[in-house]
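Worksheet: the structure to be examined is printed underneath.
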Amino acid sequence: MIRHGIYASKFPAGAMTVWTFVNRNEFDVAGSQIQVSHQKDSRYFDLWNGEELKPDLHDGRAVLSFPMEAHGYGAVLATASSVPGLESFLSEMEALARTRWRAIRPTGECSRSNS
């Protein structure tokens, strides 16, 4: 991991790898989050926000950048093969990412917002 307070778990499965992330910080974090070994033809997808990532490639390594909200989560897929249903899934996740799911109450409690 590149950032303090960001924790990741790696789940390799054949030609694909998924990483899940937790931001334990009290603040949003954007920019470079993780550096991974890059394989030729690999593509990277921000599953949480529903978009393809364009990595910075250096010496066989890929640096992946994406935003994470305070106390939030993230997920990234790396694959060199086609994944059935991925485009549809990414579209749904992008729409969800644009929707305001939570409203912060003055007391600091979180509640789900239907707006």
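Scanning the range 8-22 for residues that are modelled with pLDDT of 95 or more and of a type outside the set (A, V, I, L, M) gives SER9, LYS10, PHE11, PRO12, THR17, TRP19, THR20, PHE21.
Contact map, the range 51-68: first residue more than 18 Å from ALA30 (Cβ to Cβ), second residue surrounded by 12 or more Cβ atoms within 10 Å (Cβ to Cβ), Cβ cut-off under 6 Å, separation 6 or more or different chains; pairs are LEU57/HIS38; GLY60/HIS38; ARG61/GLN35; ARG61/HIS38. Among residues of the range 33-45 being within 19 Å of TYR7 (Cα to Cα) and over 11 Å from the mean Cα position of the chain (by Cα), the one that is surrounded by the most Cβ atoms within 10 Å (Cβ to Cβ) is VAL36. Within the range 25-45, take every residue that is among the hydroxyl-bearing types (Ser, Thr, Tyr) and not in a loop (DSSP other than H, G, I, E, B) and give me the one that is farthest from THR79 (Cα to Cα). Across the range 25-45, the extreme among qualifying residues is SER32. The strands (runs of 3 or more DSSP E) found entirely in the range 67-115 that carry 3 or more residues being at pLDDT 90 or above and surrounded by 11 or more Cβ atoms within 10 Å (Cβ to Cβ) are 73-79.
Would you confirm, using the coordinates I've provided, whether GLY74 is free of Cβ contacts under 8 Å to residues at least 40 places away in the same chain and of a type outside the set (A, V, I, L, M, F, W, C)? The answer is no for GLY74. Just checking, does the range 6-24 include any residue being in contact with a Lys or Arg (Cβ under 9 Å, 6 or more places away or on another chain), without any contact (Cβ under 8 Å) to a residue 40 or more places away in the chain, among the hydroxyl-bearing types (Ser, Thr, Tyr) and in a strand (DSSP E or B)? Taking every residue of the range 6-24 in turn, at least one turns out to be in contact with a Lys or Arg (Cβ under 9 Å, 6 or more places away or on another chain), without any contact (Cβ under 8 Å) to a residue 40 or more places away in the chain, among the hydroxyl-bearing types (Ser, Thr, Tyr) and in a strand (DSSP E or B). Does TRP48 count as surrounded by 15 or more Cβ atoms within 10 Å (Cβ to Cβ), touching a Lys or Arg at 6+ places or on another chain (Cβ under 7 Å) and either of a type in the set (Phe, Trp, Tyr) or within 24 Å of GLY85 (Cα to Cα) (or both)? Against the criterion (surrounded by 15 or more Cβ atoms within 10 Å (Cβ to Cβ), touching a Lys or Arg at 6+ places or on another chain (Cβ under 7 Å) and either of a type in the set (Phe, Trp, Tyr) or within 24 Å of GLY85 (Cα to Cα) (or both)), TRP48 does not qualify.
The values are calculated or read from the model by the stated rules, or taken from the named source; none is laboratory data. Quick caveat, the model's predicted, so the values are computed rather than measured. Here Cβ is always computed from backbone atoms with ideal geometry, including for glycine, and neighbour counts include all displayed protein chains.
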